[in-house]
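Engineer: Here's a structure for you.
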Amino acid sequence: MNENDKRTVLCGANAYEQKYYFNEKFNAIPDSIKEELHIICVLFTEEAGGVFTIVFEEDGSVSLETDAYEEDILYDEISSGLLVREIRLQRRELLESLSLYYRVFALHEPIEALIKDEEQ
């Protein structure tokens with residue numbers, strides 16, 4: 001993470017190197033969630049190629065990002081964008097829970113305030 005960049009990578013997969021990465025700072029996340037994240041990332045790169053990452057933004061929101069090498073002629077930006085949208089829809093609860101986790105445990109926001117915000 002760059003000093004000026006307040007974003008934090010949670011996990012990601014790289015189709016070019018056939019590798020998966022999980023940020024050790026978040027080892028407290030339950031193993032079942034870690035496994036689900038692993039599956040999401042690897043399946044994305046298997047289907048769309050390129051590099052896929054799940055990132056916590058400065059405000060605690062979760063971003064799904066995809067990128068590819070310029071010379072990768074097999075990578076389809078439109079298909080990868082549709083796949084990101086599908087993940088956002090199908091895994092909405094998971095992404096919201098990850099955001100809440102990050103805001104409480106990394107940003108140290110009071111949970112009472114976050115729960116009140118969600119109830120409104």
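The values are calculated or read from the model by the stated rules, or taken from the named source; none is laboratory data. Just so it is clear, the model here is predicted, and its values are computed rather than measured. With ideal geometry, Cβ positions are generated from the backbone for all residues, glycine too; neighbour counts draw on all protein chains shown. Only protein heavy atoms, including side chains, enter the accessible area calculation; ligands, DNA and RNA are left aside. Shrake-Rupley method; radii C 1.70, N 1.55, O 1.52, S 1.80 Å.
Engineer: Please give the net charge around Leu94, taking every other residue with its beta carbon less than 13 angstrom from that of Leu94, where Lys and Arg add +1 and Asp and Glu add -1.
Structural biologist: With Lys, Arg at +1 and Asp, Glu at -1, the net is 0.
Engineer: Grab the alpha carbons of the chain, take their convex hull, and tell me the volume per residue in Å³.
Structural biologist: Output value, Cα hull per residue: 125 Å³.
Engineer: With a cut-off of at most 14 other beta carbons within 10 Å, and DSSP calling the residue loop, which GluC sites (Glu not before Pro) in the range 22-92 qualify? Please list them.
Structural biologist: Glu57, Glu58, Glu70, Glu71
Engineer: What is the percent carbon and sulfur in the accessible area of the chain, measuring with a 1.4 Å probe over the protein chains and ignoring ligands?
Structural biologist: 50
Engineer: For the range 80-93, in order, what is each residue's ³J(HN,Hα) by Karplus, 6.51 cos²θ - 1.76 cosθ + 1.60 with θ = phi - 60°, in whole Hz (x at glycine and Pro)?
Structural biologist: Coupling constants for the range 80-93: 5, x, 5, 5, 4, 4, 4, 4, 4, 6, 6, 10, 4, 4 Hz.
Engineer: Could you tally the net charge around Val51, taking each other residue with its Cβ under 11 Å from the Cβ of Val51, Lys/Arg +1 and Asp/Glu -1?
Structural biologist: -3
Engineer: Still on this structure: Can you classify the range 15-83 as rounded, prolate or oblate using the Cα gyration tensor, where a ≥ b ≥ c are the square roots of its eigenvalues, rounded means a/c under 1.5, and otherwise it's prolate if a/b beats b/c and oblate if not?
Structural biologist: prolate
Engineer: Also, quick follow-up: What does the charge count near Leu83 come to, summing +1 for each Lys or Arg and -1 for each Asp or Glu among other residues with Cβ under 13 Å from its Cβ?
Structural biologist: -3
Engineer: Please compute the per residue accessible area over the range 1-41 with all protein chains in place, 1.4 Å probe, rounded to a whole number of Å².
Structural biologist: Using a 1.4 Å probe on heavy atoms only, each residue of the range 1-41 averages 67 Å².
Engineer: Ok, one more. Per-residue HN-Hα couplings for the range 46-59, Karplus 6.51 cos²θ - 1.76 cosθ + 1.60 at θ = phi - 60°, whole Hz, x for Gly and Pro?
Structural biologist: For the range 46-59, the Karplus-derived couplings read 5, 7, 9, x, x, 10, 10, 9, 10, 10, 8, 7, 4, 7 Hz, x marking Gly and Pro.
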